[in-house]
């Protein structure tokens, strides 16, 4: 596995250049619709007319859409015990993948799909990346 620094350098020294607690450079890119990334049962999403829709990435409880998105997720999953309380989600949104927890880079975010100001779709997800083996 090649390591990369923020300035593009690679190789064994890259781990030291990134720092002892950052295992991978983290780049948060704009949301892209990539058909090859869909699970087999999710192909229906390709039939959606995305004209007029926008995707907002929520990475902070201070984001203006956070209350609406959280409340919708809570309404769907809270009564079934499948959704964490607002305070827990706020802490997850504060995870910084540059500061690993128990040797894992953690990233949590919510996505909101909007048509104008109308919330028409949403999801939340967590990415967990274990530290590479020493010497890798």
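The values are calculated or read from the model by the stated rules, or taken from the named source; none is laboratory data. Owing to the predicted nature of the structure, the values given are computational and were not obtained by experimental measurement. Note that we place each Cβ from the backbone using ideal geometry, even for glycine, and neighbour counts take in every protein chain shown.
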Answer residue from segment 72-89, given it is in a loop (DSSP other than H, G, I, E, B) and more than 17 Å from the chain's Cα centre (by Cα) and is surrounded by the fewest Cβ atoms within 10 Å (Cβ to Cβ) among those: 81
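Of the residues 20, 64, which single one is at pLDDT 85 or above and in a loop (DSSP other than H, G, I, E, B)? Full working, then the answer.
Numbers: 20 fails: at pLDDT 85 or above.
On inspection, the qualifying residue turns out to be 64.
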Candidate set from segment 104-136 (those that are part of a loop (DSSP other than H, G, I, E, B) and surrounded by 11 or more Cβ atoms within 10 Å (Cβ to Cβ)); member that is modelled with the lowest pLDDT: 136
Positions within segment 96-116 being free of Cβ contacts under 8 Å to residues at least 24 places away in the same chain and farther than 15 Å from residue 66 by Cβ, in sequence order: 96, 101, 102, 106
Candidates 31, 69, 55 - the one that is over 16 Å from residue 128 (Cβ atoms), part of a helix (DSSP H, G or I), in contact (Cβ under 8 Å) with a residue 40 or more places away in the chain and touching a strand residue (DSSP E or B) at 6+ places or on another chain (Cβ under 7 Å): 69
Selection count where residues are surrounded by 10 or more Cβ atoms within 10 Å (Cβ to Cβ) and within 16 Å of residue 111 (Cα to Cα), scope segment 43-63: 12
